[in-house]
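The values are calculated or read from the model by the stated rules, or taken from the named source; none is laboratory data. Small disclaimer: the values here were computed from a predicted structure and weren't measured. Every residue, glycine among them, receives a Cβ derived from its backbone with ideal geometry; neighbour counts consider all protein chains shown. Side chains are part of the model used for accessible areas, which takes the heavy atoms of the whole protein and leaves out ligands, DNA and RNA. Shrake-Rupley method; radii C 1.70, N 1.55, O 1.52, S 1.80 Å.
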Amino acid sequence: DGPPGRLNLAELRVLRREADPRPNVVLYVIDCLRADHVGAYGYARRTTPRLDALAREGALFEDVTACAAWTKPSTACLFTSRPATEHGAQTVDDRLDEAHVTLAEALGAAGYSTAALVDNPLVSSRSFGLAPGFDRVAQVARATRGANINDLEAEAVHLTRRADGWLRRHSDERFFAYVHSLDLHAAYRWRPGFSGRFARRETATELDLYDGELVAND
């Protein structure tokens with residue numbers, strides 16, 4: 001720069017770093033959700049407007065079958081991408097084979113902060129082997145030892161608030177949050193402001209109460 005024969009030297013400084021291309025991950029499970037009660041899959045009742053909006057904006061899997069009919073083996077499949085016949089967590093007393101790397105372990109090793117915020121004690125219990133890799137595991141719905149899972153007073157709103165707090169505290173990090181609600185598994189309750197969209201309280205069927213729980217969760 002400047003007149004011929006003149007050289008100006010400057011100190012090199014990093015003005016901007018490239019954004020971390022790795023996405024944050026939030027995996028939200030609605031326990032016992034029937035696909036045929038979701039609007040995106042053709043259900044006539046307006047039970048899932050927010051989930052339907054997410055389906056329109058993202059990717060919708062049109063043909064999906066769970067690998068098992070209950071929580072432990074199904075969640076183990078989800079965490080390991082292995083069928084129940086391989087991952088070891090099939091029966092009530094089984095635990096996930098530690099030889100299999102879980103999603104939380106893989107993301108944790110890649111520098112992610114990880115948390116499992118759940119209402120289903122089958123997921124939070126360390127004795128079943130589904131918790132490895134999570135920095136934090138929180139059982140949000142109060143669960144006493146030996147209690148029937150259908151008797152737990154699960155509230156998705158409390159779960160979501162806990163998850164929101166954790167996400168805010170880790171918003172400047174790469175994070176993986178696994179959030180597992182239980183409202184549709186526990187006893188169906190009348191949900192003021194939600195169940196009434198489908199029936200009167202005195203005539204509501206189990207199906208009406210189920211749909212009320214679902215729209216409240218949504």
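Can you compute 3J(HN,Hα) from phi for each residue in the range 164-181, using the Karplus curve 6.51 cos²θ - 1.76 cosθ + 1.60 with θ = phi - 60°, rounded to whole Hz and x for Gly and Pro?
4, x, 5, 4, 5, 5, 10, 5, 9, 10, 7, 9, 10, 10, 9, 10, 10, 8
Expressed as an acute angle from 0 to 90° and rounded to the nearest 10, what is the orientation of the C-alpha long axis of helix 206-217 relative to the principal long axis of the chain?
Tilt relative to the chain: about 20 degrees.
Suppose all protein chains stay in the model; what accessible area per residue would a 1.4 Å probe give for the chain, in Å²?
It amounts to 62 Å² per residue over the chain.
Pick from GLY58, GLY196, GLY88: which residue has the top mean-square fluctuation in a GNM of the chain where Cα pairs under 10 Å get a spring?
Checking each option, the largest mean-square fluctuation is seen for GLY58.
Pick out, in residue order, every one of the trypsin sites (Lys or Arg not before Pro) in the range 188-217 that is DSSP loop and has at most 12 other C-beta atoms within 10 Å; say none if there are none.
Loop-located and lightly packed - ARG200.
Along Cα→Cβ, 7 Å out, is where each label goes; now give me the distance between the ones at ASP36 and ASP135 in nm to one decimal.
Using points 7 Å along Cα→Cβ, the separation is 4.3 nm.
Taking θ as phi - 60°, what are the ³J(HN,Hα) couplings along the range 84-101 by the Karplus curve (6.51, -1.76, 1.60), each to the nearest whole Hz, with x for Gly and Pro?
4, 5, 10, 7, x, 9, 9, 9, 4, 8, 6, 10, 5, 5, 5, 5, 8, 6
May I ask you to compute the full-extension gain from THR205 to VAL25, defined as 0.36 nm times their residue separation minus their alpha-carbon distance, rounded to one decimal in nm?
Full extension of this stretch gives 61.1 nm more.
Output the Cα-based Rg and Dmax of the chain in Å, rounding Rg to one decimal and Dmax to a whole number.
22.7, 94
Taking amide H positions as placed in the peptide plane 1.01 Å from N, state which residues far from VAL137 in sequence (5 or more) or on other chains have amide H under 5 Å from it.
Distant-sequence amide H within range of VAL137: ALA116.
Quick one: with all protein chains in place, what share of the accessible area of the range 63-218 is carbon or sulfur, to the nearest percent (1.4 Å probe)?
49
Just VAL118, VAL137, VAL101 to compare: in a GNM of the chain, with alpha carbon springs under 10 Å, which one fluctuates most?
The residue that fluctuates most here is VAL101.
Give the calculated FRET efficiency between LEU60 and THR91 to the nearest 0.05, with a Förster radius of 35 Å applied to their Cβ-Cβ distance.
Efficiency, rounded to the nearest 0.05: 0.60.
What would the Debye equation give as log₁₀ I(q)/I(0) for the range 18-129 at q = 0.15 Å⁻¹, counting only Cα atoms as equal point scatterers?
Evaluating at q = 0.15 Å⁻¹ gives log10 I(q)/I(0) of -0.82.
With everything on Cα atoms, drop me the angle between helix 71-80 and the longest principal axis of the chain, reported from 0 to 90° to the nearest 10.
Helix 71-80 sits roughly 20 degrees off the main axis of the chain.
Are there GluC sites (Glu not before Pro) in the range 110-218 that DSSP marks as loop and that have at most 12 other Cβ atoms within 10 Å, and which are they? Can you show the working numbers first?
Values: sites: GLU153, GLU155, GLU173, GLU202, GLU206, GLU213; in loops: GLU153, GLU155, GLU173.
Within the range 110-218, the qualifying GluC sites (Glu not before Pro) (loop, at most 12 other Cβ atoms within 10 Å) are GLU173.
In Å, what Rg and Dmax follow from the Cα atoms of the range 70-133?
11.0, 33
Hey, in the GNM for the chain with a 10 angstrom Cα cutoff, which one of VAL64, VAL92, VAL38 fluctuates hardest?
Among VAL64, VAL92, VAL38, the largest GNM mean-square fluctuation belongs to VAL64.
Please sort by residue number the GluC sites (Glu not before Pro) in the range 85-130 whose DSSP state is loop and whose Cβ has at most 11 other Cβ atoms within 10 Å. Before the final figure, lay out each step's value.
Details: sites: GLU86, GLU98, GLU105; in loops: GLU98.
Of the GluC sites (Glu not before Pro), the ones in loops of the range 85-130 whose Cβ has at most 11 other Cβ atoms within 10 Å are GLU98.
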